[in-house]
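For reference, the structure discussed in these notes is given below.
The values are calculated or read from the model by the stated rules, or taken from the named source; none is laboratory data. These numbers come from a predicted model, not from an experiment. All Cβ positions, glycine included, derive from the backbone under ideal geometry; neighbour counts span all protein chains shown. In case anyone asks, the SASA skips ligands and DNA or RNA and just uses the protein heavy atoms, side chains included. Shrake-Rupley method; radii C 1.70, N 1.55, O 1.52, S 1.80 Å.
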Amino acid sequence: MHETDLRNVDFQLLVALRALIEERSVSRAARRLNLSQPAMSRVLARLRLLFSDPLLVRGRQGLLPTPRALGLLPALGRLLEDAARLVAPQHFDPGVATGAFHIAANDYAAQVVLPGLLARLRAAAPKMDINIRPNDTRALEDLESGRLDLALGVFREAPAGFYRQELVRDHFVTLLRRRHPALKAKFTMAAYLKLPHLFVTLSGQGVGTVDVALKQQGYERRIAARVSTFMAVPGILQNSDLALTLPALLADYLCQDRSLKQVALPFRIAPFAIAQLWHERRQADAAHVWLRRQVKASLVKAKPLG
């Protein structure tokens, strides 16, 4: 049958055909499909025209299927079962699912989210893998194309065609080595601006959110060193008088060996949120819905400054 012919086929006719062949009775098929007997008789008439065959004929003990009808029944059953699966709600079983999730995240978002997320995936979806790559300028394009499932980072808003979910709120603090001279007195704005500062940036250039906030308040700091990863931070701070202003959740992690100390900023800067971003094409996908829930549930909670 050509595709153009399919537009003339009422799918409900095929449902009724299976009921008629299996029940071998117009009245029983009508009850099965919650139709009146006259309505089912009209359906049978349409089916006979569609297949150019009587399909069911009268016998001594009821209706008898023709050879054509009996030949249709196996394929009809497979077709209706496939159609039922096609329109059924999606289901994702993490316990048996295989494949990989692809996530873009910078160092900061990865440290906040991934430890808990990986633990949850190992426990609930042991056959699923996870691939993490930097959150760069290609992320939106790759989310739209499907090469990425999620992007994690500080997204102020969702572009058109994307969804954004806030995961956790955070704020900035300053990180210094524990015996830093600046810790011997009150940490004032003058003390902060006097310090040489370390700045973490993938490009190795430019300024960040902190510098924008300072400029709005009429101040400017000296960035004495730039590095491209937070991995280098502990060693640099432990062996210098540099200061690093960074999100508190990341500072909590870097302070675990107690050689560094975080202090509150002496100026105002707005808090912000880590968010997950995804394209609308994945909004209703069962596996993606499950992944987003795991990300949300795996977060490290912010701690108050000590």
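Among the lysines in the chain, how many pairs, 8 or more places apart or on different chains, have alpha carbons under 29 Å apart? The result is 19. Per residue, the accessible area of the chain comes to 58 Å², computed with a 1.4 Å probe over protein heavy atoms only. The orientation-averaged shadow of the Cα convex hull for the range 149-244, equal to a quarter of the hull surface, comes to 8.3 nm². For the Cα atoms of the chain, what angle does the longest principal axis make with the long axis of helix 107-124, in degrees from 0 to 90, nearest 10? The two axes meet at around 40 degrees. Its relative contact order, with pairs defined as Cα atoms under 8 Å and 6+ residues apart, puts the chain at 21 percent. Take 178-191, 40-53 and order them by the average number of nearby Cβ atoms within 10 Å per residue, most first; the result is 40-53, 178-191. Using Cα atoms only, what is the angle between the long axis of helix 11-23 and the major principal axis of the chain, expressed in degrees (0 to 90) to the nearest 10? Orientation of helix 11-23: about 50 degrees from the principal axis.
Considering only alpha-carbon pairs that sit under 8 angstrom and 6 or more positions apart, the relative contact order computed for the range 1-123 is 18 percent.
When Rg and Dmax are taken over the Cα atoms of the chain, they come to 32.3, 106 Å. Of all the stretches in the chain, which is the longest one without any exposed loop site, taking GluC sites (Glu not before Pro) in a DSSP loop (any state but H, G, I, E, B) with at most 11 other Cβ atoms within 10 Å? Result, exposed sites excluded: 1-156. Extents of the range 21-148, taken as max minus min of Cα coordinates on every principal axis and listed largest first, are 79, 31, 27 Å. The accessible surface of the range 183-306, taken with every protein chain in place and a 1.4 Å probe, is 52 percent carbon and sulfur. Across the alpha-carbon atoms of the range 51-106, the computed radius of gyration and Dmax are 22.2, 77 angstrom. For the range 216-272 versus the range 92-148, the spacing of their alpha-carbon centroids is 27 Å. By accessible area, using a 1.4 Å probe on protein heavy atoms only, the range 140-181 has 45% of its surface on carbon and sulfur. Extending 7 Å from the Cα toward the beta-carbon at both residue 61 and residue 179 defines two label points whose distance is 10.1 nm.
Loop-only check: which chymotrypsin sites (Phe, Trp or Tyr not before Pro) in the range 217-303 are DSSP coil with at most 16 other Cβ within 10 angstrom? In loop regions of the range 217-303 (DSSP not H, G, I, E or B), the sparsely surrounded chymotrypsin sites (Phe, Trp or Tyr not before Pro) are 219, 267.
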